[in-house]
Amino acid sequence: MYPLVGFVCKPRREVGKVLKKGRPSDLKIGILTPMPYEAAVSSLFMQLAYYYLNSLENIVAFRYVYDGEEDVVEALDACLNPKNLDALLISASFELDYPYIARILAGLGILPRKDTARPIVVVGGLSPTSNPLPLSKIADVVVIGEAEPILDKLIDLLGYSNPLSKMREEENLMTFPPEGLKRKALVRDLDNAFFPITQTHPLDEEPAYGHGLRIEISRGCRRFCAFCLEGHVSAPFRYRSLSRVEDIISKGLKLILLKRVIFYSLSFFDVPYAETLLEKLVSEGVEFSVPSLRPDYLTEKRVELIARGGQRTLTIAPEILIPEISCPIGKCFDIESLKELLIHSALAGFRHVKLYLMTGFPKEDVEVSVNAIGKLIQEVLKAGVRIPPNFLRLSVNLLVPKPWTPFQYLPPQHVKQKEGNLRLFQKSLGGKCVEVETHSADWLFAQALIGLGDARISNLVVELGVRGVTLGNLKRLIRELKIDELRYVKEGWEEPPWMKYLDLGINPKYLETRYRILVSNTN
Ligand code: SF4
């Protein structure tokens with residue numbers, strides 16, 4: 001049974017589109033972002049791969065997006081069905097992208113995979129890098145690490161009559177069943193890496209994060225928060241030089257005829273010149289938006305600067321307000337200072353402050369967590385400054401154990417056991433000036449199930465995609481495929497299977513030792 005995923009040609013009115021017809025002999029490469037157009041256009045991988053590949057001789061690259069509501073794959077460039085391509089590059093940010101990818105591939109007749117069939121399906125991203133095994137029934141190849149150093153190699157290998165046999169030997173590419181140890185492809189010097197200064201920019205739709213030039217100012221993070229896959233898998237921390245960033249901004253803004261910059265960074269104020277750069281942009285009348293920030297990196301001056309850059313919602317990620325937990329996990333900050341910053345944000349003109357919170361840490365008393373955030377909210381509301389309606393937006397997540405983090409040893413079942421925490425947050429907080437958004441515990445459990453799974457979980461991923469990515473189907477499949485009987489689901493891994501095949505530069509002893517400390521010392 002195959003899903004009836006539609007395929008339509010839906011080019012948009014865009015600035016920066018590549019007009020390359022290509023020749024019949026050219027390699028035809030698709031770049032699929034399994035998200036709606038408005039979100040996909042914000043994907044720097046899509047922008048990078050589209051411009052880089054189209055700059056090469058003998059290659060022509062096309063973009064595809066997926067509208068989940070309509071269940072339709074949309075071709076943004078030539079009206080060419082992806083099944084007629086030589087290769088399809090898919091970027092997957094999260095584990096829950098995988099069933100959608102399976103659905104798209106099955107619907108287009110590209111699944112099940114056959115050994116030498118084209119298009120070759122190549123999947124990459126942080127989640128696939130951390131654990132490629134759940135993709136074993138979907139992807140022919142998973143890129144381990146970053147795209148820039150591997151794109152040329154991939155293209156070279158696609159020229160062979162049996163590219164997979166060649167790719168199997170590459171140290172940054174994993175094929176299935178996995179063989180040998182694969183290492184992370186890494187850009188050592190971001191200044192010398194290709195960056196898409198020209199970017200496609202929609203004229204009719206509002207993209208995610210708004211209109212503007214997207215720029216990745218840094219990559220990696222030096223903070224290694226214990227729950228954070230991104231921080232661990234994308235290490236080490238690197239940043240573009242100020243002169244390179246200024247060059248990208250001045251050229252890029254001229255091309256899109258806008259005066260707004262959207263910064264991508266895991267750890268924005270770790271970039272030594274970040275504040276100076278924002279000051280310069282403000283003085284030049286260029287607006288900007290910065291990503292979510294650690295509370296300990298914020299000062300009143302920075303809050304004001306961001307407000308003057310035109311941002312209306314400030315996003316801060318304190319995670320938890322219990323120092324006995326927040327410090328060991330890597331998010332140590334002073335709660336009193338956070339309170340002052342929230343008050344100052346209202347004074348600086350922010351309409352909203354979004355707070356990313358996390359619950360479900362080992363030995364956390366959730367009532368204490370909820371009371372701590374409740375107390376903070378009350379103190380902000382009583383500070384005597386005008387607080388706009390729905391000023392505080394709490395986004396509450398459960399701790400989801402991820403590969404290559406110290407929490408990788410927790411079982412997925414841990415997520416299920418903490419479901420009640422979300423209800424308590426919902427019930428206890430909220431009010432005229434506070435909105436509380438919680439995530440579905442079932443989908444967070446599915447995230448852990450897939451993210452921490454081995455090749456066996458790929459069956460669930462494919463079936464969920466084929467039947468339809470709904471909670472009902474997820475629950476039915478967990479029963480039918482007896483997923484609960486897989487040992488790791490309830491007991492976790494002692495020796496996580498992905499570690500046998502990957503070297504991401506993270507010492508396993510660090511993971512084990514930190515996990516033991518977190519489980520025993522977090523009160
Ligand atoms: S600071 Fe943010 S990005 Fe960096 S490790 Fe911590 S949570 Fe992850």
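The values are calculated or read from the model by the stated rules, or taken from the named source; none is laboratory data. Note that the coordinates shown come from a computational prediction; the quantities given were computed from them, not determined experimentally. Here the Cβ is made from the backbone with ideal geometry for all residues, glycine too, and neighbour counts use every protein chain on show. These area figures cover heavy atoms from the full protein model, side chains too; ligands, DNA and RNA do not enter into them. Shrake-Rupley method; radii C 1.70, N 1.55, O 1.52, S 1.80 Å.
Quick notes on this structure:
- Remark: pairs (first residue in the stretch 418-436, closer than 20 Å to residue 383 by Cβ; second residue open to solvent by 40 Å² or more (accessible area, probe 1.4 Å) and not in a helix (DSSP H, G or I); Cβ separation under 9 Å; 6+ apart in sequence or on different chains) = 432/389; 432/390; 433/389; 433/390; 434/390; 434/393; 435/390; 435/393.
- Residue list for the stretch 321-335, restricted to those being of a type outside the set (A, V, I, L, M) and either crowded, with 20+ Cβ neighbours inside 10 Å or within 15 Å of the ligand (Cβ to nearest atom) (or both): 326, 327, 328, 330, 331, 332, 333
- Identity of the residue in the stretch 232-243, open to solvent by less than 50 Å² (accessible area, probe 1.4 Å) and free of Cβ contacts under 8 Å to residues at least 60 places away in the same chain, that ends up nearest to residue 294 (Cα to Cα): 237
- Reported count of residues in the stretch 188-198, each being within 30 Å of residue 132 (Cα to Cα) and either part of a strand (DSSP E or B) or open to solvent by 10 Å² or more (accessible area, probe 1.4 Å) (or both), is 7.
- Against the list (1) farther than 21 Å from residue 324 by Cβ; (2) part of a loop (DSSP other than H, G, I, E, B); (3) not hydroxyl-bearing (Ser, Thr, Tyr), the condition residue 380 fails is (2).
- Among the helices (runs of 4 or more DSSP H) confined to the stretch 110-185, the ones with at least 1 residues that are farther than 23 Å from residue 409 by Cβ are located at 148-158, 163-167.
For (1) in contact with a Gly (Cβ under 9 Å, 6 or more places away or on another chain); (2) in a helix (DSSP H, G or I); (3) of a type in the set (D, E, K, R), each residue gets a yes or a no:
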{"position": "424", "(1), (2), (3)": "no, yes, no"}
{"position": "446", "(1), (2), (3)": "no, yes, no"}
{"position": "454", "(1), (2), (3)": "no, no, yes"}
{"position": "462", "(1), (2), (3)": "no, yes, no"}
{"position": "488", "(1), (2), (3)": "yes, yes, no"}
{"position": "510", "(1), (2), (3)": "no, yes, no"}
{"position": "514", "(1), (2), (3)": "no, yes, yes"}
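- Considering the stretch 83-98, and only residues there that are in contact (Cβ under 8 Å) with a residue 60 or more places away in the chain and more than 18 Å from the chain's Cα centre (by Cα), the residue that is surrounded by the fewest Cβ atoms within 10 Å (Cβ to Cβ) turns out to be 86.
- Evaluated against (1) open to solvent by 10 Å² or more (accessible area, probe 1.4 Å); (2) farther than 26 Å from residue 446 by Cβ; (3) within 16 Å of the ligand (Cβ to nearest atom), residue 388 falls short on exactly one condition, (3).
- Of all residues in the stretch 251-280, those that are polar (S, T, N, Q) and over 18 Å from residue 47 (Cα atoms) total 2.
- Matching option when the condition is crowded, with 20+ Cβ neighbours inside 10 Å and within 13 Å of the ligand (Cβ to nearest atom), among 226, 185: 226
- Members of the stretch 47-57 that are open to solvent by less than 10 Å² (accessible area, probe 1.4 Å) and either without any contact (Cβ under 8 Å) to a residue 40 or more places away in the chain or closer than 16 Å to residue 263 by Cα (or both): 47
- Candidates 118, 113 - the one that is basic (Lys, Arg), closer than 20 Å to residue 463 by Cα and surrounded by fewer than 23 Cβ atoms within 10 Å (Cβ to Cβ): 113
- Matching residues in the stretch 201-223 - criterion: being assigned to a loop (DSSP other than H, G, I, E, B), in contact with a Phe, Trp or Tyr (Cβ under 7 Å, 6 or more places away or on another chain) and away from the ligand (no atom under 16 Å from the Cβ): 205
- When residues in the stretch 21-46 are screened for being assigned to a loop (DSSP other than H, G, I, E, B), open to solvent by 50 Å² or more (accessible area, probe 1.4 Å) and out of contact with any Asp or Glu (no Cβ under 9 Å at 6 or more places or on another chain), 4 of them pass.
- One residue from 467, 487, 514 being basic (Lys, Arg) and open to solvent by less than 50 Å² (accessible area, probe 1.4 Å): 514
This table checks each residue for (1) within 23 Å of residue 52 (Cβ to Cβ); (2) open to solvent by less than 10 Å² (accessible area, probe 1.4 Å); (3) not aliphatic (A, V, I, L, M).
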position: 65; (1), (2), (3): yes, yes, no
position: 100; (1), (2), (3): no, no, yes
position: 106; (1), (2), (3): no, yes, no
position: 122; (1), (2), (3): yes, yes, no
position: 137; (1), (2), (3): no, no, yes
position: 148; (1), (2), (3): yes, no, yes
position: 158; (1), (2), (3): yes, yes, no
position: 162; (1), (2), (3): no, no, yes
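- Applying the criterion of being within 13 Å of the ligand (Cβ to nearest atom) and not hydroxyl-bearing (Ser, Thr, Tyr) to the residues of the stretch 256-289, the residue that is farthest from residue 203 (Cα to Cα) is 270.
- Any hit, the stretch 242-250, residues being more than 16 Å from the ligand (Cβ to nearest atom) and among the small types (Gly, Ala, Ser): yes
- Residue satisfying condition, being within 14 Å of the ligand (Cβ to nearest atom) and either among the polar types (S, T, N, Q) or open to solvent by 10 Å² or more (accessible area, probe 1.4 Å) (or both), within set 409, 356: 356
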